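Colleague: Pasting in a structure now, in structure tokens, and then I'll have a few things to ask.
FYI, it's all coordinate maths here, none of it is from the lab. Because the structure is predicted, anything quoted here is derived from the model rather than measured. Because the Cβ atoms are built from the backbone with ideal geometry, glycine has one as well, and the counts that use them run over all protein chains shown.
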Amino acid sequence: MSQPTSTSPDLDSFCLLDSLGLRAAGQQIRRDRAILECRVTEDDPWCRNCGAEGLPRGTVVRKLAHLPLGWRPTVLWVRVRRYRCADCGTVWRQDTTTAAAPRAKLSRHAVLWALKSVVIDRMSIARVAAALACSWHTVNDAALTAGRQLLIEDPHRFEGVKVIGVDEHCWRHTGRGSHYVTVVIDLTPVKERRGPARLLDMVPGRSKTVFKTWLDAQSKDFRNGIEVVAMDGFTGFKTATAEELPEAVAVMDPFHVVALAGDALDQARQRVQRETTGHRGRTGDLLYGARKTLRTGADLLTEPQSRKVEKVFATDEHVEVEATWSVYQKIVAAYRHPSKKHGKQLLGEVIASLRRGIPAKLVEVKKLGRTLNRRAADILAYFDRPGTSNGPTEAINGRLEHLRGTALGFRNLANYITRALLDTGGFKSLLHPHLR
Ligand SMILES: [Zn+2]
């Protein structure tokens, strides 16, 4: 790469005015902002209607927020000439579309700066708006529109995707209930050990139809490229995958299998608690006091924790909790096994052991056994495809939760989806070529 050459200082190039078709004609340094008075470089005297030369008829000022120079909001006051055609009477203004989109309040550089601040620097819209001395809505509209055009609508975004995760995410709680979206994550970078997972898309609703419709709307190349779909226990995602991607392998994610077993353990503990004490667990109760320790992997327990577990199970009344706990622990141990081959064998044995002959009293284990047996193939498929865990999906879900918490004002789902994609869509590298 050649060294940039030194030239005389020049406000137009320094402030990126030249690339906007503007030149500086004056400046005002105020306490809260800097104003650059600009002229449009190109004359624009030819009549739009008949081509005759127009006569200047005064000027108007178009105000544009520019990128903050020196941490100070910078505003361009662009003096735009008006013309009137002597022949046909048509009136027009100098063309400023190089500087900003029609009716836009931000210069083209300010829009890119706002987008970069959101995508790369993870700034909130409120902070970007403060830096540009614009309203939240102005900046939000500008950044989201640019993000859609430059990044989200980029067709190459869906290329090379081989592993996806599908999950649901609650994006908004209201008095009338919770509002869900179906989230599709690209897990290919994790599988191929070249980067983090990225949010690929987000669609309103959660149902078999939602996911099926989404898959159907993608290109044939995309669908043919999908080898693995990681998912939770929701049957709808499984059915949609089987119908739309018959060649792909459905993998039920370890995170969700362990969560199902953990739920069974919690429910058994709560049931036995009520049956033996007549009330819900509270401080001082043996079972209640051990609720977290019981869900810790047995191999990770400290000495005092082990004694606590032993104490809980020393009581005959707690035998059903112990039986459920042991199923949970076997499942955790199978996933933890350093050899995927042995892990698969161990988990296969646990699932097979839950197929029949479970005492009726162990309601939670029975229910868990039914689910695990129904999805046994998908659960065990994980062991043949390391790196297809939906774990990253959970991580992205966590980031979306955080975003929802900070991005107050996203009452509009389309805007929320765009913002979520810009935040977790892995767009950094895609944005770089647009910046200068
Ligand atoms: Zn004319």
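Colleague: What ranking do S306, S117, S326 get, fewest neighbouring Cβ atoms within 10 angstrom at the top? Let's see the in-between values first.
Modeller: Values: S306 12, S117 21, S326 15.
Lowest count first: S306, S326, S117.
Colleague: Okay, next question. Want the number for R271 to W77: 0.36 nm per residue separation, take away the alpha-carbon distance, what's left? Don't skip to the end; give the middle numbers.
Modeller: Working: separation 194, 0.36 × 194 = 69.84 nm, distance 7.09 nm.
Computed gain between R271 and W77 is 62.7 nm.
Colleague: If you don't mind, another one. Quick one: putting +1 on the C-beta of Lys and Arg, -1 on the C-beta of Asp and Glu, what dipole do you get for the stretch 12-152 around its Cα centre, in Debye to the nearest 20? Before the final figure, lay out the partial values.
Modeller: Details: 22 positive and 12 negative charges, 105 e Å.
The calculated dipole for the stretch 12-152 is roughly 500 debye.
Colleague: Report the full-extension gain for the segment E159 to T41: residue separation times 0.36 nm, less the Cα-Cα distance, to one decimal in nm.
Modeller: Values: separation 118, 0.36 × 118 = 42.48 nm, distance 4.15 nm.
The E159-T41 span can extend by a further 38.3 nm.
Colleague: I've got another one for you. Tell me which residues come under 5 Å, amide H to amide H, from V249 once H is placed; ignore anything under 5 positions away on its chain.
Modeller: So V249 has HN proximity to V228, V229.
Colleague: Turning to a different aspect of this structure: In the chain, what % of DSSP beta bridges are antiparallel (nearest 5)?
Modeller: Working: 39 of 54 bridges.
Bridges in the chain that DSSP calls antiparallel: roughly 70 percent.
Colleague: Name the lysines eligible as straight-distance cross-link partners of K366: C-alpha to C-alpha under 20 Å, and not fewer than 8 places from it in the same chain.
Modeller: K330
Colleague: Cut-off is 10 Å between beta-carbons; in what order do D201, D299, D285 appear when sorted fewest neighbours first? Show your work: numbers first, answer last.
Modeller: Details: D201 22, D299 9, D285 15.
If I rank by nearby Cβ atoms, fewest first, I get D299, D285, D201.
Colleague: What is the stretch 63-163 by shape, rounded, prolate or oblate, if you read a ≥ b ≥ c off the alpha carbon gyration tensor as root eigenvalues and call it rounded for a/c under 1.5, prolate for a/b larger than b/c, and oblate otherwise?
Modeller: Oblate shape, in that a/c is at least 1.5 and b/c is the bigger or equal ratio.
Colleague: Could you tell me which of rounded, prolate or oblate describes the stretch 281-382, using a ≥ b ≥ c as the square roots of the eigenvalues of the alpha-carbon gyration tensor, with rounded for a/c under 1.5 and, failing that, prolate when a/b is larger than b/c and oblate otherwise? Write out the running numbers ahead of the final one.
Modeller: Values: a/c = 2.62, a/b = 1.46, b/c = 1.80.
The shape class here is oblate.
Colleague: If you keep only loop residues by DSSP, which GluC sites (Glu not before Pro) in the stretch 213-282 have at most 14 other Cβ atoms within 10 Å of their Cβ?
Modeller: Details: sites: E227, E243, E244, E247, E275; in loops: E227, E247.
Filter output for the stretch 213-282: E247.
Colleague: Would you mind ranking Y83, Y288 by Cβ crowding within 10 Å, fewest neighbours first?
Modeller: With the sparsest Cβ surroundings first, the list reads Y288, Y83.
Colleague: Roughly speaking, what is the stretch gain from D121 to A333, that is 0.36 nm per residue apart minus the C-alpha to C-alpha distance, in nm to one decimal? Before the final figure, lay out the partial values.
Modeller: Details: separation 212, 0.36 × 212 = 76.32 nm, distance 4.03 nm.
That works out to 72.3 nm of additional length.
Colleague: Using a Förster distance of 45 angstrom, determine the FRET efficiency expected from the C-beta separation of S13 and A259, and round it to 0.05.
Modeller: Numbers: r = 57 Å, r/R0 = 1.27.
Step by step, r from the Cβ atoms, then E = 0.20.
Colleague: Say each of N49 and R280 gets a label point 7 Å from the Cα, pointing the same way as Cα to Cβ; how far apart are those two points in nm?
Modeller: 7.6
Colleague: What is the Cα convex hull volume of the stretch 171-323 when expressed per residue in Å³? Please list the in-between numbers first.
Modeller: Numbers: hull volume 28.0 nm³, N = 153.
Taking the convex hull of the Cα positions in the stretch 171-323, it is 183 Å³ per residue.
Colleague: Can I ask one more? Calculate for the chain the 222 nm mean residue ellipticity that helices alone would give, adding -39,500 (n - 2.57) per DSSP H run of length 4 or more and normalising by residue count, nearest 500 deg cm²/dmol. Write down the numbers at each step before the final one.
Modeller: Working: 19 runs with 194 residues, N = 436.
After summing the helix terms and dividing by the residues of the chain, the value is -13000 deg cm²/dmol.
Colleague: Using a Gaussian network model on the chain with a 10 Å cutoff between Cα atoms, which of R356, R295, R374 fluctuates the most?
Modeller: Its mean-square fluctuation being the largest, the pick is R356.
Colleague: Further question: Could you tell me which GluC sites (Glu not before Pro) in the stretch 68-177 are loop residues by DSSP with no more than 11 other beta carbons within 10 angstrom of their beta carbon?
Modeller: On the way: sites: E153, E159, E168; in loops: E153, E159.
Counting only loop positions with at most 11 other Cβ atoms within 10 Å, the GluC sites (Glu not before Pro) in the stretch 68-177 are E153, E159.
Colleague: Could you compute Rg(Cα) / (2.2 N^0.38 Å) for the chain, with N its residue count?
Modeller: Values: Rg = 30.4 Å, N = 436, 2.2 N^0.38 = 22.2 Å.
Its radius of gyration relative to the 2.2 N^0.38 Å reference: 1.37.
Colleague: Return the FRET efficiency for the residue pair K63, R399: r is the Cβ-Cβ distance, R0 is 45 Å, and the value is rounded to the nearest 0.05. Write down the numbers at each step before the final one.
Modeller: Working: r = 36 Å, r/R0 = 0.81.
It comes out at approximately 0.80.
Colleague: Give the aspartates and glutamates whose C-alpha is closer than 16 Å to that of K292, dropping any in the same chain fewer than 8 places away, or say none.
Modeller: D263, D266, E303, E310, E322
Colleague: Next question. What FRET efficiency comes out for L435 versus C170 if R0 is 60 angstrom and r is the Cβ-Cβ distance? Round to the nearest 0.05.
Modeller: 0.95
Colleague: Can you tell which of H109, H279, H179 shows the greatest fluctuation in a Gaussian network model of the chain with Cα springs below 10 Å?
Modeller: In the Gaussian network model the winner is H279.
Colleague: Here's another thing I want to ask about it. Which trypsin sites (Lys or Arg not before Pro) in the stretch 250-280 pass both tests, a DSSP loop state and at most 13 other beta-carbon atoms within 10 Å? Numbers along the way, then the final one.
Modeller: Details: sites: R269, R271, R274, R280; in loops: R280.
Here the trypsin sites (Lys or Arg not before Pro) that fit, given the DSSP loop and packing criteria, are R280.
Colleague: Here is a further query. Between T138, T283, T324, which gets the highest mean-square fluctuation from a Gaussian network model of the chain, Cα cutoff 10 Å?
Modeller: T283
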